[in-house]
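The values are calculated or read from the model by the stated rules, or taken from the named source; none is laboratory data. Note that the structure is predicted; figures quoted are calculated from it, not measured. Methodologically, a virtual Cβ is constructed for each residue, glycine included, from the backbone with ideal geometry; neighbour enumeration extends over all protein chains shown. Side chains included, ligands, DNA and RNA excluded: accessible areas come from the protein's heavy atoms. Shrake-Rupley method; radii C 1.70, N 1.55, O 1.52, S 1.80 Å.
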Amino acid sequence: MDSKRIQLHRRIVLGPLLSIGIGLTLAGCLSSGEGERAPQTQVAAAITVPSHIGPDKLIGRWGIASFHNEKDRKRTETQASAGCSQPYVITKGAQDGVMMHVADDPKLYELRLKAGPGGRTYLGFEAPPGDLQDREILSATDSMLVMRFVDPDAHRRYGTFIYVRCR
């Protein structure tokens, strides 16, 4: 093959492939740029939505126990009340959160209340509601809190927590 035929062959084969490659690259850049911006806006909005439960409802001295089967709940409430001899203390954090432990860590952290979809309330770090490190608050009264970890592994290990306010 002479050099003119090789150049012609390259133009015929490589030209359209190069155009397709450039087009796909540009399309990928444009679509991923828009796709990344939209969720960030949604995440920021989700974090700032206030919960219907205030931090003051969580602050105090609590007896704690946990259960894995709903049939054990009443017995667990009694055990949590007995835990007031050595109460778990939840205090106010510096940034309007509450100071508590997280799964598998003895250190205290400031956690925030977050409203989630469907009227759910979560307690956790600055992240979208329902993050794996969050707890879901299943119910909250002045005298009792019921929470569970969102992370399936932590929930499997620790169960559903009953917090009974100590008098």
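For the reader, a short list of remarks on this structure follows.
- Label separation (Asp56 vs Arg75): 3.8 nm, computed from points 7 Å beyond Cα along the C-beta direction.
- Amide hydrogen proximity for Cys166: with H placed 1.01 Å from N in the peptide plane, the residues at 5 or more positions away or on another chain lying under 5 Å are Arg61, Trp62, Gly63.
- Cβ-Cβ distance of Ala94 and Ser139, R₀ of 25 Å, FRET efficiency by 1/(1 + (r/R0)^6): the value works out to about 0.35.
- Counting only protein heavy atoms and using a 1.4 Å probe, the accessible area of His155 comes to about 60 Å².
- Of the peptides 74-83, 87-96, 144-153, the order by per-residue mean of other Cβ atoms within 10 Å, starting with the highest, comes out as 144-153, 74-83, 87-96.
- Between Arg120 and Arg167, residue separation times 0.36 nm minus the direct Cα-Cα distance comes to 14.1 nm.
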